[in-house]
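The values are calculated or read from the model by the stated rules, or taken from the named source; none is laboratory data. Quick caveat, the model's predicted, so the values are computed rather than measured. A quick note on method: Cβ atoms are made from the backbone with ideal geometry, for glycine too, and the neighbour counts reach across all protein chains shown.
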Amino acid sequence: GAGVSQTPSNKVTEKGKYVELRCDPISGHTALYWYRQSLGQGPEFLIYFQGTGAADDSGLPNDRFFAVRPEGSVSTLKIQRTERGDSAVYLCASSSSGTSGSSADTQYFGPGTRLTVL
Amino acid sequence: RKEVEQDPGPFNVPEGATVAFNCTYSNSASQSFFWYRQDCRKEPKLLMSVYSSGNEDGRFTAQLNRASQYISLLIRDSKLSDSATYLCVVNIRGGNTGKLIFGQGTTLQVKP
């Protein structure tokens, strides 16, 4: 079946601009996660949705970052007034329930959006 | 101090070699542990979970030492296709739910 998809695959923007990154989770997955990965580093947690609500947004670095998931499926990560330091690969993941605590509740990652801020 | 620390490598080994990666984690409340594999410019994929009793999946063996807060991955009979970055991952909650904390990753290059 279809995996997690993310659009665009690449985004180049100028410092100060606004960007939106989209994630389509695996159909039926109720939990959705955003991470970002800088070059040479592991992914860093940003925010986690259970259904429509943000269950944990402790990883959002500042108030320029915001994410929504209005219908409990597709999610959009929004970055205002982009800075060069925001350049990274933004990864989205989904899992089937996100509540069971079962080791079988695997997070499946999408291919990411590579954001470059000039 | 990083929450999950790994030696970034690279580890360069010949085909057929046995190679071991280690990582340490700082939060003693961590409950679940994983190794993920990430190929160049691709997304991370779950390789295996790590259990206190140790677990094996084919050529891969994972070990957890809670007292030392230390996780290991052993790869036997390395293949060219094992070349990738291996990410050590912990979760304060049980299972794969919620926030995963990733290490920097260890790069493995298997040479013919």
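Miscellaneous remarks
- Subset of the stretch A:1-34 that is aromatic (Phe, Trp, Tyr) and touching a residue at least 60 places away in the same chain (Cβ under 8 Å) - its residue that is surrounded by the most Cβ atoms within 10 Å (Cβ to Cβ): A:TYR33
Listed here are the residues, each with its yes/no results for (1) at positive phi; (2) crowded, with 17+ Cβ neighbours inside 10 Å; (3) of a type in the set (Asp, Glu); (4) in contact with a Pro (Cβ under 9 Å, 6 or more places away or on another chain).
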site: B:LYS2; (1), (2), (3), (4): no, no, no, no
site: B:ASN12; (1), (2), (3), (4): no, no, no, no
site: B:GLY16; (1), (2), (3), (4): yes, no, no, no
site: B:TYR36; (1), (2), (3), (4): no, yes, no, yes
site: B:GLY54; (1), (2), (3), (4): yes, no, no, no
site: B:ALA62; (1), (2), (3), (4): no, yes, no, no
site: B:ASP77; (1), (2), (3), (4): yes, no, yes, no
site: B:ASP82; (1), (2), (3), (4): no, yes, yes, no
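- Some residue of the stretch A:90-106 being part of a loop (DSSP other than H, G, I, E, B), at pLDDT 95 or above and not acidic (Asp, Glu): no
- Residue check, B:VAL110 in contact with a helix residue (DSSP H, G or I) (Cβ under 6 Å, 6 or more places away or on another chain) and either surrounded by 22 or more Cβ atoms within 10 Å (Cβ to Cβ) or more than 9 Å from chain A (Cβ to nearest Cβ) (or both): yes
- Filter result for A:THR82 (touching a Gly at 6+ places or on another chain (Cβ under 8 Å), modelled with pLDDT of 95 or more and either closer than 20 Å to A:THR7 by Cα or loosely packed, with under 15 Cβ neighbours inside 10 Å (or both)): yes
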